[in-house]
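Notes follow the structure.
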Amino acid sequence: MIQDPAILGYLGRALSFEFSAVQQYLSMARLLEMRGVQQAGEKFRHEAQEEMQHAERIISRMLALGYAPNASSLRPPRLDGTLPQLMEHASNLESEIVAFYTEAVKYCRRIQDCENRIFFEKLLAEEQQHLDGIDSWRLELVAGESTTID
C-alpha cells in the first residue's frame, strides 16, 4: 500500500512527541521522588506509561503500513522549578501535542484519509484528556490545595 508521505511524516513526528513526553514524565517522576514528593512522582510515572502506550500504537500503525518506525528527535526534558512550574512544562508539552494531532486530523480530512483520521482523532482525544488532567491538577496546586516543592 502506497502511503501519502505527509502521513508518514505525521506518524514520525507523533512518535517523537510521544517519546519526548515519556522522557519528560519519567524524568519528572524520578526528580519528584528524589525530592520526597512520592505521590506526584507516581502520577507522572503513570502519565509516562500512558504516553508509552501511544508510542506503541504509533509504532504498530507504522509497521502495519509497511514502514519502519522512526522518531527523529527528542526534546530535552524541562526539570526546573517548583511542582507547579514542572506541571506548567508538562502542560506546555501536552498543548503542543494536542495542536499537532489537531493538525494531523485536519490534514487527513483534507485528503479524505478516513482510516488515519480516526487513528489521529483517538490520540487527540486522549492527549486532550491528559492536558485537561494536568491543567486541573496544576490549578489545584496553585490554589494551595496541595503541597508544593522548591
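Only the coordinates and a few stated rules stand behind these numbers; no lab work does. Quick caveat, the model's predicted, so the values are computed rather than measured. Reconstructed Cβ throughout: ideal geometry from the backbone, glycine too, with neighbour counts over all protein chains shown.
Couple of notes before you dig in:
- When peptides 108-114, 119-125 are ranked by their average number of other Cβ atoms within 10 Å per residue, the highest-first order is 119-125, 108-114.
- Residue order for THR102, THR82, fewest other beta carbons within 10 angstrom first, comes to THR82, THR102.
- Angle in degrees between helix 114-142 and the longest Cα principal axis of the chain, rounded to the nearest 10: 10 degrees
- Lys, Arg +1 and Asp, Glu -1 on Cβ, resulting dipole of the chain about Cα centre, debye, nearest 20: 440 debye
- Computed 3J(HN,Hα) for the stretch 92-101, one whole-Hz value per residue from the Karplus formula 6.51 cos²θ - 1.76 cosθ + 1.60 where θ = phi - 60°, is 5, 5, 4, 4, 5, 5, 4, 4, 5, 5, glycine and proline marked x.
- Only Lys, Arg, Asp and Glu carry charge here, each on its Cβ (+1 for the first two, -1 for the last two); on that basis the stretch 63-150 has a dipole of about 460 debye about its Cα centre.
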